[in-house]
Amino acid sequence: MSELQIGEIVTGIYKTGKYIGEITEVRPQHYLVRVLAVVKHPMQGDLHNPKEADVLIFHERKALSYREQANIPKQMVKPFKEEVPDYLESLRLAVEKMKNELTENASKWAEMSLNSIASLEKDYYK
């Protein structure tokens, strides 16, 4: 696969979130990507114990913010050829999708995740 270039619009998976962004730097193992939209909101809780409620610290995980830069491993970055959606609108859709999926899951983890999301929404939509 050929190397992507600075300025290219891509999707990238960072931790458990997925974003649309622009490559601002090419590094040996990573691309530095400036976030322009959210495709999938990060999962809540402990990344090392996914979907577990009984963990030491249940992390509230925010989506990367607009124009925030993230170092994303090259294998997690793919070209994106469509129109880039509005950041806030894409965040809203990603949050709604996650809330719908969590609502269908009757676990303690889902309940704790919904509480985290409710708290994050207060922050997101000021």
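The values are calculated or read from the model by the stated rules, or taken from the named source; none is laboratory data. For clarity, every value in this text was computed on a predicted model and none was experimentally measured. No Cβ is skipped: glycine too gets one built from the backbone with ideal geometry, and neighbour counts run over all protein chains shown.
Please work out if SER65 is at pLDDT below 95 and either surrounded by fewer than 14 Cβ atoms within 10 Å (Cβ to Cβ) or β-branched (Val, Ile, Thr) (or both).
The answer is no for SER65.
Just to be sure I understand the filter: pairs with C-beta atoms under 7 Å, separated by 6 or more residues or on different chains, first member in region 111-126 and surrounded by 16 or more Cβ atoms within 10 Å (Cβ to Cβ), second member among the small types (Gly, Ala, Ser) and not in a helix (DSSP H, G or I). Which pairs pass?
Going by the 7 Å Cβ cut-off, the qualifying pairs are MET112/GLY45; MET112/ALA53; SER113/GLY45.
Given SER107, SER65, SER119, SER113, which one is in contact with an Asp or Glu (Cβ under 8 Å, 6 or more places away or on another chain) and not hydrophobic (A, V, I, L, M, F, W, C)?
The match here is SER119.
Filter region 28-76 down to residues that are in contact with a Pro (Cβ under 7 Å, 6 or more places away or on another chain) and not in a loop (DSSP other than H, G, I, E, B) and give me whichever is nearest to SER107 (Cα to Cα).
Result: ALA37.
For region 68-106: of the residues being exposed (fewer than 12 other Cβ atoms within 10 Å of the Cβ) and polar (S, T, N, Q), which is farthest from VAL33 (Cα to Cα)?
Taking the candidates together, the pick is THR103.
Taking region 1-30 only, how many residues are of a type in the set (Lys, Arg) and under 24 Å from PRO50 (Cβ atoms)?
Of the residues in region 1-30, 2 are of a type in the set (Lys, Arg) and under 24 Å from PRO50 (Cβ atoms).
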